[in-house]
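K.L.:
Quick one: the structure is below, questions incoming.
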Amino acid sequence: MTMRTRTLGTTGPQVSALGLGCMGMSALYGEADRAESIATIHAALDAGVTLLDTGDFYAMGHNEMLIGEALRTASATRREQALVSVKFGALRSPDGQWIGYDGRPAAVKNFASYSLQRLGVDHLDVYRIARLDPDVPIEETVGAIAELIQQGYVRHVGLSEVGAETIRRAAATAPVADLQIEYSLISRGIEERILPVTRELGISVTAYGVLSRGLISGHFTRDRQLSATDFRAHSPRFQGDNLRHNLNLVEELRKIAERKGASVAQIAIAWVLAQGARHGDDIVPLIGARSRDRLTESLGALDVVLEEADLTEIEQTVPADAAAGDRYAPAAMAHLDSER
């Protein structure tokens, strides 16, 4: 296949139409297979996926080192084509607890130096704070990234999970390529206030959680047992009556998928792609595949054609407010500037 491409915003790089979110290869979804993870990254690069997304706090640097190994062992051509997007700023204790965020300029530069070393690269393609630090103005954090750009260590400024006012303030400080934020059929909160601002300012969206952490992938079942280290064991949407309600939505979506000759996951990803296509292809879904089989399935979404009638049916089947449960537990929701 020939991978379609998008440009992140008016100032960002050209990237593949789908990106690979690598978090689950190291953290938050239980045990992962290192060899299969690296093979999946290689397969993604071979398929033309150029955008690899990570965070320096995913298993405390493990994910960056995993990507670094995958890049070292990839072909020279694939290695040169890869673009790495990195989130920073989340603070964690040795036992893995989340203990805050740090967006101070000195911290920004310190985090970047460690990421460059772990990834084994001489620059970071897109750099963003994972959550707004409430004690540091976004202008100071973005200004520090802009200094790293001037010094050649970073190529582009990104944002993550921030609201409309913060987006405007950041964009007034330095050109912003993209906003990384959750967006899926059952997480559509950005449509009212945030997407209009990104589109006004020429900022793309890299959408994570397009399958809502597997919930709307078509593969999750009511009786699935989650380990204590699996984020979903504590996620409201995966609990009790919420889970039953949400999986009922998936079964209704499955009927549409079967008529279209696609999987549920492919329909869900294709829906997100279609939202970007309506506005100049300004949304790039990040697929969180941890295996080559799931990667292949996700890439198949690029071949799914959704007509307006299909989109209407999908949105009637799964309305914007259809999901039961918040997308994070209350403590995590409190850190989301995008939800204010």
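K.L.:
Bin by bin, in steps of 10 Å, what percent of the Cα pairs in the range 1-84 do you find, going until the bin that has the longest distance?
P.N.:
18, 50, 28, 4
K.L.:
Percent relative contact order of the range 14-131, based on C-alpha pairs within less than 8 angstrom and at least six residues apart?
P.N.:
With pairs under 8 Å counted, the relative contact order is 26 percent.
K.L.:
When the helix-only estimate is applied to the chain (DSSP H runs of n ≥ 4, each -39,500 (n - 2.57), divided by the residue count), what is the mean residue ellipticity at 222 nm, nearest 500 deg cm²/dmol? Show your work: numbers first, answer last.
P.N.:
Details: 12 runs with 138 residues, N = 340.
Mean residue ellipticity at 222 nm (helix-derived): -12500 deg cm²/dmol.
K.L.:
Another question, if that's okay. Per residue, what accessible area does the chain have, given a 1.4 Å probe and all protein chains present, in Å²? Write down the numbers at each step before the final one.
P.N.:
Working: 14290 Å² over 340 residues.
Value returned for the chain: 42 Å² of accessible area per residue.
K.L.:
What Rg and what Dmax come out for the range 180-244 when only alpha-carbon atoms are used, in angstroms?
P.N.:
14.6, 45
K.L.:
Please report how far the C-alpha centroid of the range 278-330 lies from that of the range 80-115, rounded to the nearest whole angstrom.
P.N.:
28 Å
K.L.:
Right, another one. Can you return the aspartates and glutamates within cross-link range of Lys260? Criterion is Cα-Cα under 13 Å, with same-chain partners fewer than 8 residues away left out.
P.N.:
Partners found: Asp303, Glu307, Asp310, Glu313.
K.L.:
Ignoring ligands, DNA and RNA, what percent of the 1.4 Å accessible area of the chain is carbon and sulfur?
P.N.:
Answer for the chain: carbon and sulfur cover 49 percent of the accessible area.
K.L.:
Further question: Percent relative contact order of the chain, based on C-alpha pairs within less than 8 angstrom and at least six residues apart?
P.N.:
Relative CO of the chain lands at 20 percent.
K.L.:
Continuing with this model, one more query. List the aspartates and glutamates whose Cα lies under 15 Å from the Cα of Lys87, skipping any in the same chain that are fewer than 8 positions away.
P.N.:
By straight Cα distance, Lys87 reaches Asp53, Asp56, Glu64, Asp102, Asp125, Asp133, Glu161, Asp178, Glu182.
K.L.:
The range 242-340: which GluC sites (Glu not before Pro) are DSSP loop and have at most 14 other beta-carbon atoms within 10 angstrom?
P.N.:
Sparse-neighbourhood loop GluC sites (Glu not before Pro): Glu307.
K.L.:
Across 5 Å bins from the origin, how do the percents of Cα pairs in the range 68-150 run, short distances first?
P.N.:
3, 14, 24, 21, 16, 12, 7, 3, 0
K.L.:
Where q = 0.20, 0.22, 0.31 Å⁻¹, what log10 of I(q)/I(0) comes from the Debye formula for the range 274-331, counting one point per Cα?
P.N.:
With one equal scatterer per Cα and no solvent, log10 I(q)/I(0) is -1.08, -1.13, -1.12.
K.L.:
If you take the Cα Rg of the range 235-340 and divide it by 2.2 N^0.38 Å, with N the number of residues, what do you get?
P.N.:
Here the answer is 1.16, to two decimals.
The values are calculated or read from the model by the stated rules, or taken from the named source; none is laboratory data. What you see is a predicted model, and the numbers here were worked out from it, not measured in a lab. Cβ sites come from the backbone with ideal geometry, for glycine too, and all protein chains shown count toward neighbours. Heads up: the accessible areas ignore ligands, DNA and RNA and are worked out on the full protein's heavy atoms, side chains in. Shrake-Rupley method; radii C 1.70, N 1.55, O 1.52, S 1.80 Å.
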